[in-house]
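The values are calculated or read from the model by the stated rules, or taken from the named source; none is laboratory data. Just so it is clear, the model here is predicted, and its values are computed rather than measured. In this analysis, Cβ positions are derived from the backbone assuming ideal geometry, glycine residues included, and neighbour counts consider all displayed protein chains. The area values use the complete protein model at the heavy-atom level, side chains included, leaving out ligands, DNA and RNA. Shrake-Rupley method; radii C 1.70, N 1.55, O 1.52, S 1.80 Å.
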Amino acid sequence: MKKTILITGGAGFIGSHVVRLFVNKYPDYTILNLDLLTYAGNLENLGDIDTRPNYRFVRADIRDTDQLSKIFSENEIDGIIHLAAESHVDRSITDPLAFINTNILGTVNLLNVARDSWKDKMNGKRFYHISTDEVYGSLGKEGFFYETTAYDPRSPYSASKASSDHLVMAYYHTYGLPVVISNCSNNYGPNQFPEKLIPLAINNIKNSKPIPVYGKGENIRDWMFVLDHARTIDLIFHKGRTGETYNIGGHNELKNIDLIHKLCEVMDNRLNRVRGTSAKLITFVKDRAGHDLRYAIDSSKLQNELGWMPSLQFEEGIEKTVDWYLSNQEWMDHVLSGDYEKYYHNQYHKR
Ligand code: NAD
Ligand code: TYD
């Protein structure tokens with residue numbers, strides 16, 4: 001069936017994998033990639049598909065209602081997959097307002113434009129909001145996040161995502177906008193900006209620079225390979241029930257320090273270094289303010305309703321990720337040539 005799908009944030013890490021999957025898998029869909037190209041957006045992520053007849057890029061800002069209205073008046077949009085966001089917790093601690101503007105107000109702009117342009121024909125439409133497990137707050141050593149867990153965000157980033165989730169649901173209840181939401185755990189894989197733990201550590205290990213581990217490295221994250229997330233987004237976009245929320249988890253809980261040791265082993269192996277060389281770079285630094293201890297997802301709703309299963313195990317995923325970064329140094333060089341040095345200095349040399 002012919003459809004036009006608007007994917008916001010499609011030049012970012014997860015968005016670019018979702019765009020590629022949809023462009024390849026659905027030749028009858030037109031994929032409109034709306035992205036502002038902030039520091040985190042990079043069209044090089046899509047170099048392999050950007051000349052495809054069913055793909056179009058439009059540079060626009062979700063904070064700008066006029067730009068959004070124009071896009072909706074020029075295109076008959078059937079579905080939206082909304083990923084555009086400020087996504088890094090550390091940046092949200094330094095500059096919370098940027099997160100409020102993009103993640104909350106930007107999402108409301110998109111909701112308004114979708115509601116207004118779909119008001120006479122909501123049937124068959126879908127507004128899919130991509131969110132994070134961080135909205136649930138922090139777990140102790142036991143337990144899991146369920147879809148019914150009360151929201152308890154603790155960073156400006158997670159509070160802005162929680163707020164946007166509530167607004168999305170409010171538009172479902174109030175205006176009948178056909179929404180669906182998923183809350184996923186930490187992603188890793190190719191094309192992730194090297195401000196996040198895994199690509200930052202890979203880049204530092206490669207360059208024999210210290211690997212900054214916050215606090216004692218005891219914090220636990222549930223890691224999911226990005227292609228698995230993209231595949232799940234496809235499933236939920238097509239099969240998820242309107243008005244529902246689905247939790248997506250990697251089933252790969254790891255303490256940061258254990259993850260870093262694993263990564264060091266893989267890097268030693270790939271770089272032909274003596275075993276133990278990379279681990280010597282591990283440097284414990286001042287903890288993140290309000291650092292959530294543990295995230296862990298219960299995905300049984302997704303498994304029971306949509307027959308979903310996580311596929312890739314961490315061992316395999318981390319090897320693929322390392323190999324991608326090592327064979328895409330040019331991508332890294334371009335990414336690092338922007339404001340990265342300044343960011344890195346402010347974030348790590350002042351700790
Ligand atoms: P990212 O930072 O790599 O990409 C964000 C993209 O949004 C970039 O391409 C950027 O240019 C674009 N963008 C930012 N502000 C914009 C604006 N005002 N207008 C238009 N485009 C704008 O982020 P990511 O890691 O790919 O995350 C994508 C989404 O998934 C986010 O909503 C995030 O909250 C969510 N999420 C991320 C993770 C994770 O581990 N990375 C986990 C769960 C959920
Ligand atoms: P990150 O990749 O920023 O994702 P999130 O904060 O969304 O979970 O961080 C993952 C974990 O790694 C988190 O517990 C913070 C920690 N961390 C470090 O120890 N050092 C770093 O330099 C970074 C960026 C993160």
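Determine the distance separating the Cα centre of the stretch 187-210 from the Cα centre of the stretch 311-345; give it in Å without decimals.
Going from one Cα centre to the other spans 5 Å.
Could you report the stretch 233-316's accessible area per residue, 1.4 Å probe, as an integer in Å²?
Details: 4030 Å² over 84 residues.
Computed with neighbouring chains in place, this is 48 Å² per residue.
Taking 25 Å as R0, compute the FRET efficiency from the Cβ-Cβ separation of LEU326 and ASN24 and round it to 0.05.
On the way: r = 25 Å, r/R0 = 0.99.
E(calc), rounded to 0.05, equals 0.50.
Between ASN272 and LYS70, what is 0.36 nm times their sequence separation minus the Cα-Cα distance? Round to one decimal in nm.
On the way: separation 202, 0.36 × 202 = 72.72 nm, distance 5.36 nm.
In short, 67.4 nm is gained.
What relative contact order, as a whole-number percentage, does the stretch 30-84 give when Cα pairs under 8 Å and 6 or more residues apart are counted?
Working: 39 pairs, mean separation 20.7, N = 55.
Contact order relative to length: 38 percent.
Between HIS166 and HIS261, what FRET efficiency comes out of the Förster formula 1/(1 + (r/R0)^6) with R0 = 35 Å and r the beta carbon distance, rounded to 0.05? Provide the component values of the computation, followed by the final result.
Values: r = 39 Å, r/R0 = 1.10.
For HIS261 and HIS166, the calculated efficiency is 0.35.
Residues of the stretch 1-60: accessible area per residue at 1.4 Å, in Å²? List each step's numbers first, then the result.
On the way: 2520 Å² over 60 residues.
For the stretch 1-60, the solvent-accessible area averages 42 Å² per residue.
Classify the stretch 1-77 as rounded, prolate or oblate, taking a ≥ b ≥ c as the square roots of the eigenvalues of its Cα gyration tensor: rounded when a/c is under 1.5, otherwise prolate if a/b is larger than b/c and oblate if not.
Numbers: a/c = 2.16, a/b = 1.09, b/c = 1.99.
In terms of gyration-tensor shape, oblate.
Can you give the helix-only mean residue ellipticity at 222 nm for the chain, where every DSSP H stretch with n ≥ 4 adds -39500 (n - 2.57) and the sum goes over all residues, rounded to the nearest 500 deg cm²/dmol?
Numbers: 13 runs with 137 residues, N = 351.
The helix contribution divided over the chain gives -11500 deg cm²/dmol.
In whole Å, how far is the Cα centre of the stretch 46-66 from that of the stretch 106-124?
What the calculation gives is 19 Å, centre to centre.
Compare GLU330, GLU142, GLU195, GLU265 by solvent-accessible area with a 1.4 Å probe and give them largest first, with all protein chains kept in place.
Values: GLU330 125, GLU142 150, GLU195 5, GLU265 85 Å².
Descending order: GLU142, GLU330, GLU265, GLU195.
Can you tell me the FRET efficiency between SER311 and HIS173 if r is taken as the Cβ-Cβ distance and R0 is 41 Å, rounded to the nearest 0.05? List each step's numbers first, then the result.
Details: r = 34 Å, r/R0 = 0.83.
For R0 = 41 Å, the calculated efficiency reads 0.75.
How large is the Rg to Rh ratio of the chain when both quantities use alpha carbon positions and Rh follows Kirkwood? Walk me through the intermediate numbers first.
Details: Rg = 19.7 Å, Rh = 20.7 Å.
Rg divided by Rh gives 0.95.
Give me the extension gain from LYS141 to LEU293: residue separation times 0.36 nm, minus the current Cα-Cα distance, reported in nm with one decimal. Walk me through the numbers on the way to the answer.
Numbers: separation 152, 0.36 × 152 = 54.72 nm, distance 0.84 nm.
Answer, rounded to one decimal: 53.9 nm.
Which whole-number value in Å² is the accessible area per residue of the stretch 91-228, probe 1.4 Å? All intermediate terms of the calculation are to be shown ahead of the outcome.
Details: 5050 Å² over 138 residues.
The answer is 37 Å² per residue.
Tally up the carbon and sulfur contribution to the accessible surface of the chain as a whole percent, 1.4 Å probe, everything protein left in place.
In the chain, the share of accessible area belonging to carbon and sulfur is 51 percent.
In this model, which of LYS25/LYS121; LYS206/LYS280; LYS280/LYS342; LYS141/LYS209; LYS216/LYS342; LYS141/LYS320 are farther than 23 Å apart at the alpha-carbon? Before the final figure, lay out each step's value.
On the way: LYS25/LYS121 26 Å; LYS206/LYS280 13 Å; LYS280/LYS342 25 Å; LYS141/LYS209 32 Å; LYS216/LYS342 26 Å; LYS141/LYS320 29 Å.
In this structure, LYS25/LYS121; LYS280/LYS342; LYS141/LYS209; LYS216/LYS342; LYS141/LYS320 lie more than 23 Å apart at Cα.
Under 1.5 on a/c is rounded, so check that first for the stretch 205-288, then, if it is not, pick prolate when a/b is larger than b/c and oblate when it is not; a ≥ b ≥ c are the square roots of the alpha carbon gyration tensor eigenvalues. Intermediate values should be presented prior to the final figure.
On the way: a/c = 3.63, a/b = 2.06, b/c = 1.76.
Note, shape of the stretch 205-288 comes out prolate.
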